Structures are given as C-alpha cells and as structure tokens.
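Read-outs throughout are calculated quantities, based only on the coordinates presented, and are distinct from any laboratory measurement. Only a predicted model underlies this, so the values are computations on that prediction, with no experimental measurement involved. All Cβ positions, glycine included, derive from the backbone under ideal geometry; neighbour counts span all protein chains shown.
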Amino acid sequence: MASGGLLDRILERGALRAVFQPVFDLTSSQLSVHYVESLIRGPEGESVEAPEILFGYARRKNATTAVDRACVEAILLAARDLPEDILLGINIHASTLAQDPEFLNFLGDSAALYGTAPSRLVMEIVEHAPPWDVAGFRSGLECLRAIGVRIALDDIGLGHSNYMMILECRPDYFKIDHHFVAGCHSDFHRRAVLASVAELARPFGARVVAEGVEAGEDLEAVRSLGIGLAQGWLFGPALPAAELSKALPCR
Amino acid sequence: MQYSARVNEQNPDPQPSLLILDDEEAIAYPIAKYFRSQGWRAEIATEAEEAEALVEHRRYDMFILDLRLSSYGGAEGLEVLRGIRRSNPVTPVVILSAFVSDEMEAEARRSGADHVLSKPQPLKDLAGLAARLVGSQLG
C-alpha cells in the first residue's frame with residue numbers, strides 16, 4: 001500500500017486504467033462499430049477501482065476536475081492502441097467543462113500529444129451533482145464543437161440528464177441508460193420511454209444509443225423502435241485497447 | 001455509461017459485510033483480515049470521503065468507524081456516522097477510537113453509534129460483538 005492520501009494515489013501517472021466498449025450500429029446489414037466508449041477503472045486493488053466509488057470519492061473531495069483530467073490522459077494514452085479512424089467516446093462531467101477554464105486547452109494539448117484528432121472525439125456529458133455554472137458550460141460546449149468534437153448526453157432519463165440538459169447540450173447522441181433498456185422487450189412502459197426518446201432525438205438530428213444491452217430480445221426491441229445504436233454486455237465486456245482492436249469486427 | 005458497474009445493487013452474497021473506516025492501516029488491516037477469516041466480506045476505507053462513496057453505492061451489514069481521521073485532512077468520522085444513519089437507520093455501527101471520553105461517547109451515541117469502544121480491542125471480542133449485532137439484525 002502506497003503512502004499518501006487516496007487522491008494522490010489516484011492522480012499518480014499510470015494509476016487509472018482505461019478499457020473500451022464498442023457502440024454498435026444496428027442500421028447496417030452487418031453489425032459494425034460506430035464508436036468506442038472509454039471506461040475508467042481506478043487503481044487496482046483499491047476501493048476506488050470501481051468507477052462509481054472513484055467518482056463518488058472525487059466529488060466529495062472536490063476533485064472531480066482533477067480526476068477528469070487524469071482520466072482524459074489515461075484514455076488518450078491507452079487509445080493509441082485503437083485503430084486510428086475510430087471515434088472515441090470520453091466521459092466528462094458538466095461541472096468540469098463549466099468550472100475549469102483551462103480544460104479545453106488541456107484537452108487539445110493532450111489530444112495533440114497522444115496523436116488523437118479532436119474530430120475523433122465524442123465527449124459524453126455526465127453530471128451527478130448540481131449546481132454548476134451554466135454559462136461556463138455552454139461556452140465550453142461551443143468551444144468543443146468549434147474544434148470538431150461531437151457531444152453525447154449520457155444517462156438520459158436519470159438524474160441531471162433531463163430535458164434541461166438536452167436543451168443545453170443539443171447532443172449529437174442521446175444515450176439512454178440501461179435502466180430503461182433492461183427488460184424492455186417484455187415491458188410496454190419501458191418501450192414507451194425508449195420510443196419517446198427516439199422521437200425526441202429526431203428533430204435534433206441526433207442518434208440514439210441504447211446502453212447496457214444484455215439480452216438479444218431487448219436488442220431486437222430496441223431495433224424495432226428505430227434506435228440505431230447499442231452497446232452492452234450482449235456484445236462482450238469492455239476490453240483494453242489492444243485486445244479490443246483484435247476483437248473488433250472488420251469495419 | 002461511465003459508471004458501468006451497477007450501482008445500488010443489493011448484494012446477493014449471503015456473507016455478512018463490514019466496512020471499516022480507519023486512517024491507520026495498521027489498525028484496519030488486521031481487523032479486516034480477522035473478519036475475513038470468520039467469513040465476513042470486510043472492506044476498508046482510510047478516508048471519510050471514501051467511506052461515504054462506498055456507503056452510497058454498496059450495502060453493508062455493519063460498520064466499524066474511527067472518529068479522528070486526521071491523517072489525510074477532510075471530514076471526520078462523526079460526519080460519516082451521521083451520513084450512515086440518514087441512509088441506514090438500523091445497521092449496527094461500532095465506534096473504535098483511541099480517544100474515548102464521556103463527552104465523545106455521548107456525542108457518538110447521539111449521532112447514532114450503537115457501541116463505543118476503546119482501541120485496541122481483542123479481535124475475537126470485536127468479532128463476537130459483530131456476530132451478535134448482525135445476528136440480532138438478521139434474526
């Protein structure tokens with residue numbers, strides 16, 4: 001066990017690990033990868049190895065921004081082992097975008113350092129703790145778009161990923177939490193929610209991603225509702241970049 | 001889907017579970033090791049914020065908390081205890097402190113502690129108390 005506080009251990013270079021999960025396009029005749037989402041794991045063997053504990057801890061330490069930055073570095077470093085033409089999803093807290101005026105410079109510098117074009121990036125906006133600076137957030141989003149970054153709104157339907165956030169983000173991707181996806185094939189009400197999100201996304205020109213698909217029946221239900229993108233354990237676990245690159249279907 | 005692990009999922013494991021909060025690893029690790037040898041799932045937090053994040057996302061059958069967590073700054077054990085009581089009104093909480101005074105014990109009990117003990121405690125006695133407390137909760 002290293003000395004020093006847990007936050008120090010989290011922020012040590014190399015402590016965070018990135019794994020990647022494909023988002024599949026359901027609209028083509030053959031399943032194809034539309035982009036890959038990066039997922040973070042905390043230092044191995046620590047309680048914060050689990051991402052929900054990692055970010056819950058960071059939030060309580062008022063260190064979300066620092067941890068988000070460390071995550072971005074870990075992801076971009078690991079993503080060098082992914083095919084160069086694949087889109088890369090990176091989760092970022094709305095509060096980081098709003099409150100860290102240097103974050104965009106940091107992102108640009110890091111992307112350049114690790115050889116990732118900003119146009120490859122899909123920033124997935126999450127937020128678990130209000131309040132945050134809406135003006136700063138809007139400005140941050142505009143800057144991201146200006147350099148070619150796509151925007152996804154994560155966990156739609158839960159917590160702060162609500163109608164207000166949809167308006168603020170005007171996302172390119174609506175990501176529906178697995179809570180609404182799991183069991184949807186046999187649950188009329190879940191399908192009604194999914195259909196309403198699919199309908200809502202259409203005038204935005206956005207694509208909808210069903211998260212956490214674990215059953216073939218749910219995948220078929222999602223597809224029948226016109227939702228064109230899906231990810232989840234049905235397709236396999238999240239993998240380190242090198243392993244995923246070998247496992248990816250021909251694109 | 002940043003938090004890809006399921007959150008707030010009830011633990012289906014029949015093992016009793018324990019969270020130990022102590023900034024002194026030399027104290028926390030032997031306790032955890034002993035409880036594990038007795039069939040418990042024992043986890044350790046060395047900071048209040050770490051314990052709070054664990055309590056938010058995981059279910060425990062019992063807590064052993066130190067109150068003074070000065071090593072890394074941040075919140076103290078009493079705040080963790082109060083937070084536990086907001087979401088877990090009946091889960092047993094044992095305070096294990098090197099600085100037990102009448103005043104501290106009264107404050108801890110007001111905040112929801114079931115037992116307040118001085119460090120060090122024989123591990124066998126601590127495990128026996130835990131078994132009784134959790135047994136009475138389950139039974």
Honestly region A:1-85 on the Cα gyration tensor test (a ≥ b ≥ c root eigenvalues; a/c under 1.5 rounded, otherwise a/b vs b/c for prolate or oblate) is just prolate
Please build a GNM for chain A, connecting alpha carbons under 10 Å apart, and tell me which residue among A:Asp218, A:Asp81, A:Asp172 fluctuates the most. A:Asp81
For every other residue with a beta carbon closer than 10 angstrom to the beta carbon of B:Tyr60, add +1 if it is Lys or Arg and -1 if Asp or Glu, then tell me the sum. +1
By what distance, in whole Å, do the Cα atoms of region A:131-251 stretch along each of the three principal axes, largest value first? 42, 40, 26
Quotient of C-alpha Rg and 2.2 N^0.38 Å, computed over region B:17-138: 0.94
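Where the only charges are on Cβ atoms (+1 Lys, Arg; -1 Asp, Glu), what is the dipole of chain A about its Cα centre, to the nearest 20 debye? Don't skip to the answer; put the middle values down first.
On the way: 22 positive and 33 negative charges, 60 e Å.
I would put it at about 280 debye.
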Whole-number percent relative contact order across chain A, with pairs defined as alpha carbons under 8 Å at least 6 apart: 19
In nm², the average projected area of the convex hull spanned by the Cα atoms of region A:196-251 is 4.8
Provide the three semi-axes, in whole Å and in decreasing order, of the ellipsoid equivalent to region A:72-141 as defined by the square roots of 5 times the Cα gyration tensor eigenvalues. 24, 12, 10
Using a ≥ b ≥ c from the Cα gyration tensor of region A:86-181 (square roots of the eigenvalues), is it rounded, prolate or oblate, where a/c under 1.5 gives rounded and otherwise the larger of a/b and b/c decides, a/b for prolate? oblate
Checked against the positive end of the charge dipole of chain A (+1 on Cβ of Lys and Arg, -1 on Cβ of Asp and Glu, about the Cα centre), the farthest of A:Cys184, A:Leu104, A:Gly89 is A:Leu104
Helix-only [θ]222 nm of the protein assembly as shown, DSSP H runs n ≥ 4, -39500 (n - 2.57) each, per residue, nearest 500: -12500 deg cm²/dmol
Around B:Asp125, under 14 Å between beta carbons, what's the net of Lys plus Arg minus Asp minus Glu among the other residues? +3
At 0.890 mPa s and 25 °C, Stokes diffusion of the protein assembly as shown via Kirkwood alpha-carbon radius, µm² per second: 109
How much length is gained if the chain between A:Phe204 and A:Leu31 is pulled fully straight, taking 0.36 nm per residue apart and subtracting their Cα-Cα distance, in nm to one decimal? 59.8 nm
GNM top mover of A:Leu234, A:Leu141, A:Leu121 - chain A, alpha-carbon springs below 10 Å: A:Leu234
When chain A is modelled as a GNM with alpha-carbon springs shorter than 10 Å, which of A:Arg190, A:Arg69, A:Arg202 fluctuates the most? A:Arg202
Using +1 on the beta carbon of Lys and Arg, -1 on that of Asp and Glu, and nothing else charged, what's the dipole of region B:17-138 about the Cα centre, debye to 20? 620
Sequence-distant residues sharing a close amide H with A:Val209 (under 5 Å, placed H): A:Phe174, A:Lys175, A:Ile176
Give me the net charge of A:Leu88's neighbourhood, meaning all other residues with Cβ under 12 Å from the Cβ of A:Leu88; Lys, Arg count +1, Asp, Glu -1. -2
Label points 7 Å out from Cα along the Cβ direction at A:Arg17 and A:Leu87: separation in nm? 2.8
